[in-house]
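Input: a single structure, listed below in structure tokens.
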Amino acid sequence: MSPELVLAVETSCDETSAAVLRGERELLGHVIFSQDVHRVYGGVVPELASRAHLRTLDAVVAAALREAGVAVREVELIGVTAGPGLVGALLVGVAWAKAAAWALGRPVVGVHHMEAHLFATALEHPDAQPPFVGLLVSGGHTLLLWVPRWGEYHLLGETRDDAAGEAFDKAAKLLGLEYPGGPSIERAAAAGDPTRHPLPRPLLHGGQRPGDADYYAFSFSGLKTALRVRLQQLGGASTEEVPHLAAAFQAAAVEVLARKTLRAVEQTGCRRVVLGGGVANSRALRDELRRRLGAAGELFAPSLRLSTDNAAMIARAARFRYAHDGAAPLELNARASLPLPGLVR
Ligand code: KG4
Ligand code: ZN
């Protein structure tokens, strides 16, 4: 029998989060504590992240249970992000989850962070179910997947260098915009003209054919360099030009992501697309995908709260993983890089 009440924790990066999930979609309690300490450094400082998780995790879990009106003894399964992520940060969650599982006599399941991002949308949209084309775009990953069923992930394309979110963060830094870069760029771009500073569309051209090594591959590092070169030509990021540069960068990144996703839609013949990861927040990306998918297409994207790092998606993925693989042993460990379970290359 599958457990009805799952408690999950997420500590892979700079969000300390806990969630209580009943069944497949009933989110009874959900708390996300976003660590503020990294803002002054313009990026996540791993050691500070670990310490902040350690200080806040107990309180975050208690708050989620309180919101859910659930006593910790009622929890039937404990889920935790086991990787990939910052290893020190992950360890805080994994150690907490194993201790709780042992103390309560309940099973624990280690969850792959990116598989959880894929499950986030299913919490809000009952139809965000396989088969679908999945686009996972976060600060650390860019994965284009064909998902015929949960647990089977055919890798179509991934990034050869920077992840999509990382590219937004680096571009924002070049433009003097604050971290995290994606939302800052989106805000600045609203007042910009994307055609004023043409930027390249890396690894995207009309001559590519299915089967070509770069047909689905992404690369964002050259785009960031093109932005830097443009800035040098302009003699810096002036207040007048920043909105146009932000708009140009966003348009280039979004066009590559959307067109390659559409290639997957054409090739699989499946017009359902599911987005996951922080960059799924991008209104520009969603609009572009909707436009290209047309009326016959279905685009599912999580709400703001569920697209960035959160424990609700960990709880949902833990439920699936427990049914699929059973409980993890107490030797469960955190891993900075963890292969996606069920990945088919
Ligand atoms: O999934 P996530 O919260 O953390 C990771 O697992 O990495 O993703 C964070 C990333 C950051 O790089 C952030 O800049 C990006 O998501 N992001 C966005 C937007 N909102 C967040 N990128 C583009 N446009 C956005 N609106
Ligand atoms: Zn994430």
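The values are calculated or read from the model by the stated rules, or taken from the named source; none is laboratory data. Owing to the predicted nature of the structure, the values given are computational and were not obtained by experimental measurement. Ideal geometry is used to build each Cβ from the backbone, glycine not excepted, and the neighbour counts take in all protein chains shown. Surface accessibility is based on the protein's heavy atoms, side chains included, excluding ligands, DNA and RNA. Shrake-Rupley method; radii C 1.70, N 1.55, O 1.52, S 1.80 Å.
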Exercise. Of all residues in the stretch 149-187, how many are within 16 Å of ligand 2 (Cβ to nearest atom) and assigned to a loop (DSSP other than H, G, I, E, B)?
Worked result: 4
Seminar exercise, completed: Here, strands (runs of 3 or more DSSP E) confined to the stretch 1-92 with at least 1 residues that are of a type in the set (K, R) are 15-22
Exercise. Filtering the stretch 72-102 down to residues that are farther than 20 Å from L118 by Cα and of a type outside the set (A, V, I, L, M, F, W, C), which residue is surrounded by the fewest Cβ atoms within 10 Å (Cβ to Cβ)?
Worked result: R73
For this session: Answer yes if at least one residue in the stretch 186-200 is within 20 Å of L275 (Cα to Cα) and in contact with a helix residue (DSSP H, G or I) (Cβ under 6 Å, 6 or more places away or on another chain), and no otherwise.
Result: no
Exercise. If you go through the stretch 1-40, how many residues are over 19 Å from W96 (Cα atoms) and in contact (Cβ under 8 Å) with a residue 12 or more places away in the chain?
Worked result: 12
Seminar exercise, completed: By residue number, the members of the stretch 274-283 that are in a helix (DSSP H, G or I) and either near ligand 1 (Cβ under 7 Å from one of its atoms) or open to solvent by 30 Å² or more (accessible area, probe 1.4 Å) (or both) are G278, V279, N281, R283
Problem set entry | Every pair of residues 6+ apart whose Cβ atoms lie under 6 Å, when the first sits in the stretch 287-301 and is over 18 Å from T268 (Cα atoms) while the second is crowded, with 16+ Cβ neighbours inside 10 Å | E288/V254; E288/A258; A301/L275; A301/A280; A301/R286
For this session: Count, please, the residues in the stretch 296-320 that happen to be open to solvent by less than 60 Å² (accessible area, probe 1.4 Å) and over 27 Å from E166 (Cβ atoms).
Result: 3
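Every residue, every condition in (1) within 20 Å of the chain's Cα centre (by Cα); (2) of a type in the set (K, R), yes or no:
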| position | (1), (2) |
| --- | --- |
| I185 | yes, no |
| T195 | no, no |
| R209 | no, yes |
| A217 | yes, no |
| K260 | yes, yes |
| A284 | yes, no |
Seminar exercise, completed: If we keep only residues of the stretch 223-248 that are open to solvent by 20 Å² or more (accessible area, probe 1.4 Å) and touching a Leu at 6+ places or on another chain (Cβ under 9 Å), then the residue nearest to K170 (Cα to Cα) is K224
Exercise. Among the residues of the stretch 5-23, is any of a type in the set (A, V, I, L, M, F, W, C), surrounded by fewer than 20 Cβ atoms within 10 Å (Cβ to Cβ) and farther than 23 Å from H324 by Cα?
Worked result: no
For this session: Go through the residues of the stretch 130-149 one by one and say whether even a single one is under 14 Å from E24 (Cβ atoms) and touching a helix residue (DSSP H, G or I) at 6+ places or on another chain (Cβ under 6 Å).
Result: no
For this session: Could you tell me which numbered condition V37 fails, if it satisfies all but one of (1) more than 16 Å from ligand 2 (Cβ to nearest atom); (2) open to solvent by less than 10 Å² (accessible area, probe 1.4 Å)?
Result: (2)
For this session: From W96, W146, grab the single residue that is in contact with a His (Cβ under 7 Å, 6 or more places away or on another chain), of a type in the set (F, W, Y) and away from ligand 2 (no atom under 15 Å from the Cβ).
Result: W146
Exercise. What is the residue count in the stretch 126-148 for residues that are in a loop (DSSP other than H, G, I, E, B), buried (at least 17 other Cβ atoms within 10 Å of the Cβ) and of a type outside the set (G, A, S)?
Worked result: 2
